[in-house]
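Student: Take this structure, written in structure tokens, and hold onto it; I'll ask about it next.
The values are calculated or read from the model by the stated rules, or taken from the named source; none is laboratory data. Here the structure is a predicted model, which means the values were calculated and not measured. With ideal geometry, Cβ positions are generated from the backbone for all residues, glycine too; neighbour counts draw on all protein chains shown. The accessibility values were calculated without ligands, DNA or RNA, using every heavy atom of the protein model including side chains. Shrake-Rupley method; radii C 1.70, N 1.55, O 1.52, S 1.80 Å.
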Amino acid sequence: MDGLFDVPRPGGTSGGGSLTANTHASAPLAVRMRPRTLDELVGQEQLRAPGAPLRQLIENEQSMSLLLWGPPGTGKTTIAAIVSQQTDRRFVEVSAVSAGVKEVRAAIDSARAELVATGRETVLFVDEVHRFSKAQQDALLPGVENRWVTLVAATTENPFFSVISPLLSRSLLLRLESLTDDDIRAVMHQALVDERGLSGRFVLEDDALEHLVRLAGGDARRSLTYLEAATRAAVSTSSTNGSNGSGSDGPIVVDLATAELAVDQAAVRYDRQGDQHYDVTSAFIKSVRGSDADAALHYLARMIVAGEDPRFIARRLLILASEDIGLADPQALQTAVAAAQTVQLIGMPEAQLTLAHATIALAVAPKSNAVTTAVFEAIADVKAGKVGPVPAHLRDAHYGGAKDLGHGKGYKYSHDEPYGIAEQQYAPDVVADAAYYRPTSLGAEGPIKERWERVRRMIRGKHRG
């Protein structure tokens, strides 16, 4: 879970420090509960599997630099700490937000001196490496090439766009996946019972747990921050009421109201596996289809606040762009595709702006289901057995003997014909007169309708009298 610990630095500057310095009782819960071994890491099974490169790196104590790419709270900083702890390497953290070339070179020089003096290697963790300029990233290369440091660089952005090629080629790229709701539940359950965490002093009611899971949005660090806030609010409430909230001397109960108060967000009645998921999604799509941008934004907001996967929302908009808009606005699909790509690249919370952008654009766009109707009617005919032979003049005539079979005979090359349109039969006889695509007069499909009707008449020889 990246960012789960902040290493103390002499004089408040970037530098080395002890990994255990912030594990005291007053440290944040997210700091105290950071995994100490690869087996304690939640999620990322593909990285923890036997024989996986990360496990080999740690268990065999190999010297290899890592580039960790994944959403916030998925374990990037934790992996750096585990590499340091399990291989007994010194840990130094540099933040790309505040450090410059000078700080990077100083960290590498210090690691080199440590290696020469004591033989102890250093893990240099660079958080948000995508924020480094090319010159700053170049400053890392000597330490990596000479193995003065084991570089562990973390980024939430695509490294193929944000990390220089020399550094990328010298590092093992590991992609971290978003944590699932079950992963987040496991993180919080462990924190509730672990001696480093809350030691069984609290009981989290199911609806409060689900509320915090939704708000965490797959971010383990955030889930523990919210859990800690909720338990503190429960302690305050029980002290005020003179009770532990359960009517006995047992654990303090953290209910939904306390969790809502602690994180200042009301629980949205939305079950991603139940009726609310389908009802809200349905209302969202129907509002966009119905061109009510305000209603669509309302349902979008409900999904966002409830922690719906933004990729799911983007996929629904992609489908709608073709199903309900089609050629009435040819830009609609491009907008939806761009939104889906942006969601993948930047993640939440910033992606909520992109989703709103796409939602409004598609809601106010002219609507047509002519594309949908056309393809479904064509599929229905094929399923009904209307699959006659391809006309001989359209068949492949490039292989030996094809012409003897009459393949290609009489074919008219469109570019040789007036207006680039040849009068000839393209469809099999059984569907020769089919008219699947029937464009509307709405939006950009209006001019398309006029052209298509003229073209169809020309192709089928019905343009004369």
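Student: How would you classify the range 84-129 from its alpha-carbon gyration tensor, with a ≥ b ≥ c the square roots of the eigenvalues: rounded for a/c under 1.5, else prolate if a/b is greater than b/c, otherwise oblate? Present the calculation step by step, with values, prior to reporting the outcome.
Tutor: Details: a/c = 4.32, a/b = 1.46, b/c = 2.95.
Oblate, because a/c is 1.5 or more while a/b does not exceed b/c.
Student: Placing +1 at every Lys and Arg Cβ and -1 at every Asp and Glu Cβ, with all other atoms neutral, what dipole size does the range 353-450 have around its Cα centre, in debye to the nearest 20?
Tutor: In debye, rounded to 20, the range 353-450 gives about 220.
Student: When the Cα centres of the range 207-235 and the range 53-74 are compared, how far apart do they sit, in Å?
Tutor: If we compute the Cα centre of each part, the gap is 28 Å.
Student: For Ala135, what charge total do you get from the other residues with a beta carbon under 14 Å from its beta carbon, if Lys and Arg give +1 and Asp and Glu give -1?
Tutor: It works out to a net charge of +2.
Student: Using the Cβ atoms and a cut-off under 10 Å, what net charge is assigned to the surroundings of Ile325, where Lys and Arg are +1 and Asp and Glu are -1?
Tutor: -2
Student: Identify which of the listed values of Cα Rg over 2.2 N^0.38 Å was calculated from the structure shown: [x] 1.34; [y] 0.95; [z] 0.91.
Tutor: Checked against the structure: label [x].
Student: Which value in deg cm²/dmol, rounded to the nearest 500, describes the helix-derived mean residue ellipticity at 222 nm for the chain, given -39,500 (n - 2.57) per DSSP H run of n ≥ 4 and division by the residue count?
Tutor: -14000 deg cm²/dmol, from helical runs alone.
Student: Please name which of Leu167, Ser178, Pro391 has its Cα lying farthest along the dipole of the chain towards the positive end, using unit charges on Cβ (Lys, Arg +1; Asp, Glu -1) and the Cα centre as origin.
Tutor: It is Pro391, whose Cα lies furthest towards the positive end.
Student: Okay, moving on. Could you give the dipole magnitude of the chain about its Cα centre, charging the beta-carbon of Lys and Arg +1 and that of Asp and Glu -1, in debye to the nearest 20?
Tutor: Details: 49 positive and 57 negative charges, 322 e Å.
Once rounded to the nearest 20, the dipole reads 1540 debye.
Student: To the nearest 0.05, what FRET efficiency results for Asn60 and Asp381 with a Förster distance of 60 Å applied to their C-beta separation?
Tutor: It comes out at approximately 0.45.
Student: With a ≥ b ≥ c taken as the square roots of the eigenvalues of the C-alpha gyration tensor of the range 89-247, please select rounded if a/c is under 1.5 and otherwise prolate if a/b is larger than b/c or oblate if it is not?
Tutor: Judged from the Cα gyration tensor, the range 89-247 comes out prolate (a/c at least 1.5, a/b above b/c).
Student: Please compute the net charge surrounding Leu115, taking Lys and Arg as +1 and Asp and Glu as -1 over other residues with Cβ under 12 Å from its Cβ.
Tutor: Values: positive: Arg89, Arg90, Arg112, Arg120, Arg147; negative: Asp109, Glu114, Glu121.
Summing Lys and Arg as +1 and Asp and Glu as -1 gives +2.
Student: Let me ask something additional. Order Arg48, Arg316, Arg112, Arg89 by their accessible area, 1.4 angstrom probe, all chains in place, largest first. Numbers along the way, then the final one.
Tutor: On the way: Arg48 45, Arg316 75, Arg112 115, Arg89 15 Å².
The ranking, largest first, comes out as Arg112, Arg316, Arg48, Arg89.
Student: A follow-up question, please. Over all pairs of distinct alpha carbons, what does the Kirkwood formula give as the hydrodynamic radius of the range 163-222, in Å?
Tutor: For the range 163-222, the Kirkwood estimate is 13.7 Å.
Student: I've got another one for you. Distance in nm between label sites at Phe312 and Glu417, each 7 Å beyond Cα in the beta-carbon direction?
Tutor: 4.9 nm
Student: Give me the orientation-averaged projected area of the Cα convex hull of the range 354-465, in nm², one decimal.
Tutor: For the range 354-465, the mean projected area of the Cα convex hull comes to 10.9 nm².
Student: Along the charge dipole of the chain, pointing to its positive end and built from +1/-1 on Cβ of Lys, Arg, Asp and Glu, which listed residue (Ile448, Thr281, Ala293) has its Cα farthest out?
Tutor: Ile448
Student: Just the number please: accessible area per residue for the chain, 1.4 Å probe, all protein chains included, in Å². Please list the in-between numbers first.
Tutor: Details: 23290 Å² over 465 residues.
Heavy-atom SASA per residue in the chain reads 50 Å².
Student: Starting at 0 and stepping by 5 Å, how many percent of the alpha carbon pairs of the range 360-420 end up in each bin?
Tutor: 4, 13, 11, 11, 12, 17, 13, 8, 6, 3, 2, 0
Student: Taking square-rooted eigenvalues a ≥ b ≥ c of the alpha carbon gyration tensor, is the range 126-203 rounded, prolate or oblate, where a/c under 1.5 means rounded and, failing that, a/b exceeding b/c means prolate?
Tutor: Here the range 126-203 falls in the prolate category.
Student: Give the percent of DSSP beta bridges with both residues in the chain that are antiparallel, rounded to the nearest 5.
Tutor: 10 percent
Student: What order do you get for 187-195, 165-173 when each peptide is scored by the mean count of other beta carbon atoms within 10 Å, highest first?
Tutor: Top to bottom by mean Cβ count within 10 Å: 187-195, 165-173.
Student: In the range 41-172, how does Rg compare with the Kirkwood Rh, expressed as the Rg/Rh ratio over alpha carbon atoms?
Tutor: Rounded to two decimals, Rg/Rh equals 0.94.
Student: Tell me, how many Å apart are the Cα centres for the range 336-399 and for the range 413-428?
Tutor: What the calculation gives is 26 Å, centre to centre.
Student: Per residue and in Å³, how big is the convex hull formed by the alpha-carbon atoms of the range 331-390?
Tutor: Residue-normalised Cα hull volume stands at 126 Å³.
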